[in-house]
Amino acid sequence: MRRHLLVAAMIFGSLAGVGARADEGMWLLNRFPVDEVAKRHRFKATPEFLKSLQLSAARFNNGGTASFVSANGLLLTNHHVGADCIQKVSSSEADYMKHGFLATSRTDEKRCPDLEVNVLLEIEDVTAKVTEGISGDTPDAEANRLRKAKMSEIEKSCADSTGRRCDVVTLFSGAQFHLYQYKRYTDVRLVFAPEFDAAFFGGDPENFTYPRHCLDAAFFRAYEDGVPAKVEHWFKWSKTGVRDGELVFVPGNPGATGRLMTVAELEFTGEIAYPLVLRRLKSMIDALETYISQGEEQRRVGSENLFGQQNSFKAISGFQRGLQSKSLMDQKRKEENQLRRSIARDRQLRARTEKLWDELASAYGNLREFYPRYYMFESGATRGSALMGLARGIVRYAGETTKPNEERLREYVETALPAREQAMYSPAPMTPSMEMAVLADYFTFLGRELGYSDPVVAALLNGRTPLAAARHAVENTKIINVEERRRLANDPAAVASSSDGMIRLARALDGPARELRKRYEDELESVEARAKTEIAQARFAVSGGSAYPDATFTLRVAFGPVKGYRNAQGRRIPWATDLGGKFQKGRAEEPYRIPESWLKAKDQLRLSTPYNFVSTADTHGGNSGSATVNTQGEVVGILFDGNIEGLPNRFVYADRMARSVHVASQAIIETLRKVYKAEQLLTELGF
């Protein structure tokens, strides 16, 4: 998911002042454009309204958003956001992904083995603290290390004094740092999920498209001390549901966007990074499709992994199409030149900034040389493999926790350990056969990209074929056992001497990966942190006004009207589909198969009920699961996707055809009542 931009003398291509483009913006709660929204939509967002959005929304740490919808800790999110848990609490005897799940009592609710949910309580600007002691003379790499050390120190001090999760968030390309304090829920349980065929009707062919007919919604519950959490802030459910043309708000946690990227960064991403990632994803998708074709059990355990890889492939393909668009890139070059001319009118600003773009271009030129190895050995090495992720986590946990907090990798500082330990010691089941398939594909991909004679590739294979190496590693590991993970993670000497197949792989990767990571941080990240911070400060100086930063998987609020559009062929696309459309599209085979529960209930359903709808709200991946609320703060839907036309909005915002896609609240209530007979859940929602 995505959006378009405006620039000219505007900061970061996005401002909430005169000239702001349509309803653009993934807005910070403490910088929301109250006056602009009031002027444009005749609705004044009060402090109480914004506070309710903040405290009712929640973050699923597996990459999505949820919202409280009852005082008893009930959470609404997407089925695809909750699918990781749904898969993990399923079994061959009880396949909740395939058949759905409904808890008929609180005791039936299924605890997710490793899910953490966060609610943002407080925001504090700590920019001065993070940058203390760093001057213009501090070398870039040293400044980068000092900032990270200070962030770790601030987070630890906060967590020690409050007992909360504390994260220092980098905003505006490093021009600002905010401390976010969260309430953590680590006991989260599944309450309701529809069948996969209902949640993902249309499958991958219709992913990132519209019109859609998906019940992509699920309910969970947060617990504290073994009982349902009592929450003060939660969204009530609208009795009337969504309407065409009404203003809606989407509080959620959009993932990384690239609207502040320089042209050099965009060119690198489109020419080097995305093509490599797409090749990796295509290879993994092929391997998983082969795996799930081998039998029903393979399909059960592998489908959720496959869905995740297909979703990423389709999203990144859409981002890549944007970067391959001459009009988009011409626009970005024009905007960058306009900004540079605006800055150049101020002699002091010009002297400070005139070389920054060239320095960034040089840094990204240097990154082209080693990025493929950095991606394959460090940032993308564990993708799709639970065992590889665990093995790397054990090796690094054992090594990093012996160091002073400020010297550790950021993901192993004291405040990050509770979430990391919850994941590392999760009792979630793993399937050795799928792990072998994914690892074999990883080794094959490395061989294709780097050559089998590459020293790291050769060390991983150890004289074996990719399939034999994968089989040997999986068949000779004990880290499927939680207690073995715990033993190794807390004994660095045991890790160093271990003959465990997966630990050996992680050790073989760790040295080269750390070297590449250090090079990335010293040669690219540190230069980028300084240069983009100075560019950001110059933008502030020449523009003024309020602005929103690029997304960081932290809480933002988007807004816009419910609104249809005309597609590229000029055909009018309605604001909403209805339940009847699902039955018209349904077929006997996937991905258009209608669950038996729906077929039995068809005669009772009001088929004209709005099902999926679109809005102009500026959202992005990570917003999935965000409640869609009206001006009364009531749930009228849940965001689950965006259309294909909106994917380039990762870099620029446009609303002519780009749309966010939501499930209508009316459809959720109608199907809970007549398809799933979920009376207890309906009562809790106020029906």
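I need to check one value: relative contact order of the chain, counting alpha carbon pairs closer than 8 Å and at least 6 residues apart, in percent.
28
Mean residue ellipticity at 222 nm from the helices of the chain, using -39,500 (n - 2.57) per DSSP H segment of n ≥ 4 over the full residue count, to the nearest 500 deg cm²/dmol?
Result for the chain: -13500 deg cm²/dmol, rounded to the nearest 500.
Could you work out how far the C-alpha centroid of region 558-618 sits from that of region 174-204, in angstrom?
Centre-to-centre distance over Cα atoms comes out at 23 Å.
Using Cα positions and a limit of under 16 Å, work out the lysines in reach of residue 600, with same-chain residues fewer than 8 apart set aside.
Within the straight-line limit of under 16 Å, residue 600 reaches these lysines: 582, 674, 677.
Could you tell me which Cys residues in the chain have no other cysteine's Cβ under 4.7 Å from their own Cβ, answering none if every one has a partner?
214
Scan region 575-667 for trypsin sites (Lys or Arg not before Pro) in coil per DSSP, keeping those whose Cβ has at most 16 other Cβ atoms within 10 Å, and list them by number.
When the trypsin sites (Lys or Arg not before Pro) of region 575-667 are filtered for loop state and at most 16 Cβ neighbours within 10 Å, 606, 656 remain.
Please sort through the DSSP H helices of the chain and keep those with an alpha-carbon extent of at least 30 Å along the long axis and a Kyte-Doolittle average not below -0.5.
none
Rounded, prolate or oblate: which fits region 215-312, taking a ≥ b ≥ c as square roots of the Cα gyration tensor eigenvalues, rounded meaning a/c under 1.5, else prolate when a/b beats b/c?
Because a/c hits 1.5 or more and a/b fails to exceed b/c, region 215-312 counts as oblate.
Two decimals, Cα atoms only, Kirkwood Rh: what is Rg/Rh over region 263-540?
Ratio value, two decimals: 1.03.
Treating only the Cβ atoms of Lys and Arg (+1) and Asp and Glu (-1) as charged, compute the dipole magnitude of region 120-185 about its Cα centre; round to the nearest 20 debye.
Rounded to the nearest 20 debye, it is 340 debye.
Under a straight-distance cross-link criterion of Cα-Cα below 27 Å, which lysines are reachable from residue 44, leaving out those fewer than 8 residues away in the same chain?
236, 239, 563
Can you give me the C-alpha center-to-center distance between region 372-423 and region 267-330, rounded to a whole angstrom?
So the separation of the two Cα centres works out to 24 Å.
With a cut-off of at most 14 other beta carbons within 10 Å, and DSSP calling the residue loop, which GluC sites (Glu not before Pro) in region 622-678 qualify? Please list them.
The qualifying sites: there are none.
In nm, to one decimal, how far is the residue 141 label point from the residue 340 one, both placed 7 Å along Cα→Cβ?
Distance between the two pseudo-spin positions: 2.8 nm.
Any idea what the relative contact order of region 519-669 is, in percent, if you count C-alpha pairs under 8 Å spaced at least 6 apart?
Relative contact order comes out at 21 percent.
Highest mean first, what order results for 70-79, 130-139 on Cβ atoms within 10 Å?
By packing density, highest mean first, the sequence is 70-79, 130-139.
Picking from 208, 186, 266, whose Cα lies most toward the positive end of the charge dipole for region 175-284 (charges on Cβ: Lys, Arg +1; Asp, Glu -1)?
186
If the only charges are +1 at each Lys and Arg Cβ and -1 at each Asp and Glu Cβ, what is the size of the charge dipole of region 619-687 around the Cα centre, to the nearest 20 debye?
Here region 619-687 has a charge dipole of around 140 debye.
If the reach is capped at under 12 angstrom between alpha carbons, list the aspartates and glutamates near residue 602, excluding any in the same chain fewer than eight residues apart.
In chain and number order, the partners are 670.
Checking the a/c ratio against 1.5 first, then a/b against b/c, what shape does the Cα gyration tensor give for region 574-639?
Cα axes put region 574-639 in the prolate bin.
In debye to the nearest 20, how big a dipole does the chain give about its Cα centre with +1 on each Lys and Arg Cβ and -1 on each Asp and Glu Cβ?
That gives a dipole near 1560 debye.
Rounded to whole Å, give me the distance from the Cα center of region 25-79 to that of region 426-478.
That distance is 43 Å.
Rule-based calculations on the coordinates, nothing more; no lab input. What you see is a predicted model, and the numbers here were worked out from it, not measured in a lab. A quick note on method: Cβ atoms are made from the backbone with ideal geometry, for glycine too, and the neighbour counts reach across all protein chains shown.
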